[in-house]
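**Q** Before I ask anything, here is the structure I am working with.
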Amino acid sequence: MNRRDFLKTVGGVAAAGTMIGSMRPFAQAGAQADASSGTGFPLGVWTSIYNKYSESPEATYQRLERLAEGGIDLLVPLVEIGGGRAGVMWHSQLVPVCYKCPEDWDPVEVFVNAAHELGMEVHPWLCCFNGKVARYLREQHPETTAIFSESENWAWAARHKNYACAMQPRVQKFIFDAYRELGERYGPDGFHMDYIRTGSQCTCDYCTAEMAKLGLDIRAMQARYDQDRDFWLKAGTHGLMRKYGVRKVVGSDEEIDPVVVDEELDRWLAWRIDRLTYFVSQLHQYAHKHDQVTSAAVKFFWPRQCPTGAQDWVRWTRENILDYMMSMNYTADPQFVARLASEQTQLIAGSKCQYWPGLGRTAEQWTTTPEALVEQVEIARNGGAHGAMIFNESGLTDDDLALLKDL
Ligand SMILES: [Zn+2]
């Protein structure tokens, strides 16, 4: 089907319905699925429906054609609003639809179908507990907002005040339902989890009550954090290092003897990690039931991010409840990419999870060249990655794509 024929199907529910499922370019087989077309090293890119794909079906097809011709195999489009309001970029019945979302055609439907037509896979991306779906729930039910310490510095707090409490069953269900709506409507190949972390340790009523059941006084714990945050973070990190029998934090040169023991903190942390892991496992179970996969953007410095974020991606890979681990290894330093690849592949060795490190094309502080980006991709490949993700489409030039397509 060429572009003109594809565009004839846009807006026709019946036509779109026949495309979903039948047009998938790669047979899905759960964790064994490989987005590669089989001719090169698989590449993915993070992008945004809000920023780039709500203009017209034709513009969507043209943009995606450029990526397909540039060797991109997997697309991870943010499907929430990019601005400050609650809402989404698909014709949702669950969450308010963005004013920028066209009424006569659905940008996510067109995106998924066009990508499939062009031979690419799609994982719609939600910023789980800090996104605009979660924001809508918090606006409706303020008690679902996470309560962080007053002692967090103001800039950090300003960025993180938007978290819903990832521990609360009601919050988890709402985010899960949003993924399910995307799955049922559009038949994507997978579901992408960003902000699959808690922000900081939460002291909402739910968390307080649950911790009391475990015999822990959450206020006292929080007071200890406020008094000596460095010790608290070290103790939490050491607890996990002992559990896994590791002596290095990913991305750190230091060899550590994890001797700091804080049994109460370990218990609190274990509960929080269990709760977040439960969400990851539920989405994975749902995805696999429908012949789909899950992917997650995670922080690279494991397990140091766990005491606050509860994001134990090593566990998710070892328990085979995550199909694509996409650590955000954004740096201008190629040696750092190599070191992270070495450490991360060792930590997830033996799992079925695919390792697709996220590489940055541009950031606020630096920018790479097309050659430097390709060098990082090669380093990741040589370091054992199954594919690589690029952040993000906005920084991806025609020169980048010309080089990437030959990989
Ligand atoms: Zn909470």
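The numbers here are math on the coordinates, done by the rules we state, and not lab data. Values in this document were obtained by computation on a predicted structure and should not be read as measured data. We place every Cβ from the backbone using ideal geometry, glycine too, and count neighbours over all the protein chains shown.
**Q** Could you sort the peptides 312-322, 48-58 by per-residue average Cβ neighbour count (10 Å cutoff), highest mean leading? All intermediate terms of the calculation are to be shown ahead of the outcome.
**A** Numbers: 312-322: 23.2, 48-58: 19.7.
Sorting 312-322, 48-58 by mean packing, highest first, produces 312-322, 48-58.
**Q** What lysines sit close enough to K213 to cross-link, taking a C-alpha to C-alpha distance under 25 Å and skipping anything fewer than 8 places away on the same chain?
**A** Reachable lysines: K173, K243.
**Q** If I take the Cα coordinates of region 62-203 and project them onto the principal axes, what are the three extents in Å, biggest first?
**A** Per principal axis, max minus min of the Cα coordinates gives 50, 30, 25 Å.
**Q** Which one of G70, N382, Y179 has its Cα pushed farthest toward the positive end of the charge dipole of the chain, where Lys and Arg give +1 and Asp and Glu give -1 at the Cβ?
**A** Y179
**Q** Ok, one more. What's the magnitude of the charge dipole for region 172-308 around its Cα centre, counting Lys and Arg as +1 and Asp and Glu as -1 at the beta-carbon? Answer in Debye, nearest 20. If you can, show how the numbers build up before the last one.
**A** On the way: 19 positive and 21 negative charges, 31 e Å.
Dipole size: approximately 140 debye.
**Q** Here's something else I'd like to know. Mind pulling the angle between the C-alpha long axis of helix 370-382 and the longest principal axis of the chain? Nearest 10 degrees, somewhere in 0 to 90.
**A** So the helix axis and the longest Cα principal axis differ by about 70 degrees.
**Q** Can you compute the FRET efficiency between R3 and V259 using 1/(1 + (r/R0)^6), with r the Cβ-Cβ distance and R0 = 51 Å? Round to the nearest 0.05.
**A** Efficiency computed from Cβ-Cβ geometry: 0.25.
**Q** What is the sum of charges around L94, taking Lys and Arg as +1, Asp and Glu as -1, for the other residues whose C-beta is under 10 Å from the C-beta of L94?
**A** Here the charged neighbours net out to -1.
**Q** If each DSSP helix of 4+ residues adds -39,500 (n - 2.57) and the sum is divided by the residues in the chain, what number results at 222 nm, nearest 500 deg cm²/dmol?
**A** Helix-only estimate at 222 nm: -13500 deg cm²/dmol.
**Q** If I model a spin label as a point 7 Å beyond the Cα along the Cα-Cβ vector, how far apart are those points for D217 and D333 in nm?
**A** 4.3
**Q** Quick one: dipole size for region 142-228, taken about the Cα centre, charges +1 on Lys/Arg Cβ and -1 on Asp/Glu Cβ, in debye to the nearest 20.
**A** Computed charge dipole of region 142-228: roughly 60 debye.
**Q** Using the alpha-carbon atoms, what tilt in degrees (0 to 90, nearest 10) does helix 229-244 show relative to the longest principal axis of the chain?
**A** Taking Cα atoms only, the helix is inclined about 70 degrees.
**Q** Still on this model: Apply 1/(1 + (r/R0)^6) to the Cβ-Cβ distance of E69 and Y99, taking R0 = 30 Å, and write down the FRET efficiency to the nearest 0.05.
**A** About 0.40, to the nearest 0.05.
**Q** Rounding to the nearest 10 and keeping the result within 0 to 90°, find how far the Cα-based axis of helix 169-186 lies from the longest principal axis of the chain.
**A** It works out to around 10 degrees.
**Q** Let's see if you can work this out: charge +1 on each Lys and Arg Cβ, -1 on each Asp and Glu Cβ, no other charges. What is the dipole magnitude of the chain about its Cα centre, in debye to the nearest 20?
**A** That gives a dipole near 800 debye.
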